[in-house]
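The values are calculated or read from the model by the stated rules, or taken from the named source; none is laboratory data. Here the structure is a predicted model, which means the values were calculated and not measured. In this analysis, Cβ positions are derived from the backbone assuming ideal geometry, glycine residues included, and neighbour counts consider all displayed protein chains.
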Amino acid sequence: MNLMKNIKDILNQKEFSKEDLVTMLSAKGDDQKLLFAKAKEVKEREVGKKVYYRGLVEFSNICSKDCYYCGIRKGNNQVSRFNLSDDQILQAAEFAYKSSYGSFVMQSGEISSPAFTERIENLLREIKRLTNDELGITISLGEQTEETYRRWFDAGAHRYLLRIESSNRGLYQKLHPNDANHSFEKRLECLNTLKKIGYQTGTGVMIALPFQTLEHLADDILFMRDFDVDMVGMGPYIEHPDTPLYQYRNELIPLKERFELALRMIATLRIVMRDINIAAATALQAIDPIGREKAAKVGANIIMPNITPGLYRNSYKLYENKPCVDEEPQDCVQCLDVRIRLADAYIGYGEWGDSKHYFTRNTNS
Ligand code: SAH
Ligand code: SF4
């Protein structure tokens with residue numbers, strides 16, 4: 001006797017068990033179509049058809065950590081390291097502002113030092129000044145002390161992205177060196193601190209990692225729900241040859257399946273956490289040229305066009321096949337606009353596009 005619920009019944013529920021989530025994540029063929037249609041319906045009802053832009057600057061690939069999956073890990077001596085000047089970062093912020101991108105994201109390898117904290121603090125204040133306080137700012141600069149997070153918040157950053165990578169402690173430990181610099185507890189603590197300070201807090205995971213099961217991914221969704229995150233950015237894991245995790249490449253599912261699984265994760269999360277912001281990760285585009293647009297069709301409402309000056313894009317390679325490494329920021333503006341419209345969505349130019357969930361959770365509590 002088959003006791004598994006069918007997908008139609010599950011999609012009509014308001015609450016979802018871990019088992020339900022596993023069924024959603026394994027949907028194929030017509031079942032997958034039903035899942036995607038439901039996610040689209042929920043997205044349009046809860047957060048509308050708009051997609052918001054976050055102009056992304058990956059300003060430095062210098063990193064003090066050694067995550068086993070990442071191409072810019074400290075131990076990879078094949079990478080030439082770069083660090084954009086303050087002027088280059090400010091120019092990118094102005095480009096985002098003038099292109100009406102609404103928001104700006106600064107991301108880099110993880111550095112913790114008084115000089116780094118101060119540099120970012122000054123840059124944040126300068127960006128706010130240059131853009132008349134009109135540009136929203138998200139940062140993604142890894143694990144830092146509470147004081148550093150506070151200083152950056154006070155200087156104008158209002159959203160922070162820190163992926164938990166995997167909410168399963170055992171799996172997390174397989175993806176990172178076993179030392180104090182890569183502690184699962186510390187990462188969790190940082191997420192709690194960010195929330196306490198008042199950031200719109202974003203997390204996420206990599207999808208289709210070696211050793212990862214659908215149960216792990218279902219637990220990741222439950223983690224995001226229980227942590228009550230405001231934003232999520234998640235995408236497929238893509239192996240990088242100069243990393244320790246590359247040795248498990250033969251155990252990975254094919255890229256196309258990884259991509260589809262990532263879409264099902266996005267769709268499932270949209271159905272579970274209806275009013276959060278969900279980003280279409282760049283890694284999706286590395287597998288499928290219109291991957292981000294496909295994600296927007298099944299629940300994502302944030303796109304992060306890369307506005308790092310072209311010269312440096314090639315060196316910020318977290319994974320293989322990184323898209324658009326030979327383009328300049330202006331090339332992306334029109335290209336994306338057309339593509340988003342094809343995905344039955346449109347862009348909220350000049351709007352911050354804050355997470356609706358952030359405001360509902362703060363009113364309800
Ligand atoms: N240093 C910061 C931000 C830069 S890394 C941090 O680690 O938080 C940003 C994200 O890139 C990571 O959170 C990770 O989820 C993702 N990433 C790294 N290597 C990857 C890979 N090989 N495939 C897919 N995503 C990867
Ligand atoms: Fe550094 Fe982030 Fe890559 Fe880890 S994932 S090695 S912290 S850049």
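Here are some notes:
- Selection count, region 227-246, where residues are farther than 23 Å from S355 by Cα and assigned to a loop (DSSP other than H, G, I, E, B): 7
- Tally, over region 185-223, of residues that are of a type in the set (G, A, S) and either part of a helix (DSSP H, G or I) or loosely packed, with under 14 Cβ neighbours inside 10 Å (or both): 2
- Every listed requirement among (1) within 14 Å of ligand 1 (Cβ to nearest atom); (2) without any contact (Cβ under 8 Å) to a residue 24 or more places away in the chain is met by I111 save one, (2).
- Residue within region 326-347 that is modelled with pLDDT under 70, more than 16 Å from ligand 2 (Cβ to nearest atom), surrounded by fewer than 24 Cβ atoms within 10 Å (Cβ to Cβ) and at positive phi present: no
- Annotation: of all residues in region 188-210 being farther than 12 Å from D228 by Cβ and charged (D, E, K, R), the one that is farthest from the chain's Cα centre (by Cα) is K196.
Quick grid of which residues meet (1) touching a helix residue (DSSP H, G or I) at 6+ places or on another chain (Cβ under 8 Å); (2) farther than 14 Å from S140 by Cα:
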site: R159; (1), (2): no, no
site: R163; (1), (2): no, no
site: S166; (1), (2): yes, yes
site: G170; (1), (2): no, yes
site: D179; (1), (2): no, yes
site: H182; (1), (2): no, yes
site: Q200; (1), (2): yes, no
site: I207; (1), (2): yes, yes
site: P210; (1), (2): yes, yes
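For every residue, the table says whether it meets (1) closer than 24 Å to G55 by Cβ; (2) acidic (D, E).
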position	(1), (2)
D219	no, yes
V229	yes, no
G235	yes, no
I253	no, no
E260	no, yes
A286	yes, no
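- Qualifying residue in region 86-102 (condition: within 16 Å of ligand 1 (Cβ to nearest atom) and touching a Phe, Trp or Tyr at 6+ places or on another chain (Cβ under 7 Å)): yes
- If the condition is being more than 19 Å from S166 (Cα to Cα), surrounded by fewer than 24 Cβ atoms within 10 Å (Cβ to Cβ) and not polar (S, T, N, Q), then region 272-292 contributes R274, D275, A286, I287, D288, P289, I290, G291.
- Flag for Y68 being away from ligand 2 (no atom under 16 Å from the Cβ), at negative phi, touching a residue at least 60 places away in the same chain (Cβ under 8 Å) and not small (G, A, S): no
- Of the candidates G291, G310, the single residue that is over 29 Å from H357 (Cα atoms) and either of a type in the set (F, W, Y) or at pLDDT below 95 (or both) is G310.
- Residue list for region 270-288, filter: assigned to a loop (DSSP other than H, G, I, E, B) and either of a type outside the set (A, V, I, L, M, F, W, C) or modelled with pLDDT of 95 or more (or both): M273, R274, D275, I276, D288
- Residues of region 231-253 satisfying the condition of being more than 12 Å from ligand 2 (Cβ to nearest atom) and either buried (at least 18 other Cβ atoms within 10 Å of the Cβ) or closer than 16 Å to R163 by Cβ (or both): M231, V232, G233, M234, G235, P236, I238, E239, L252
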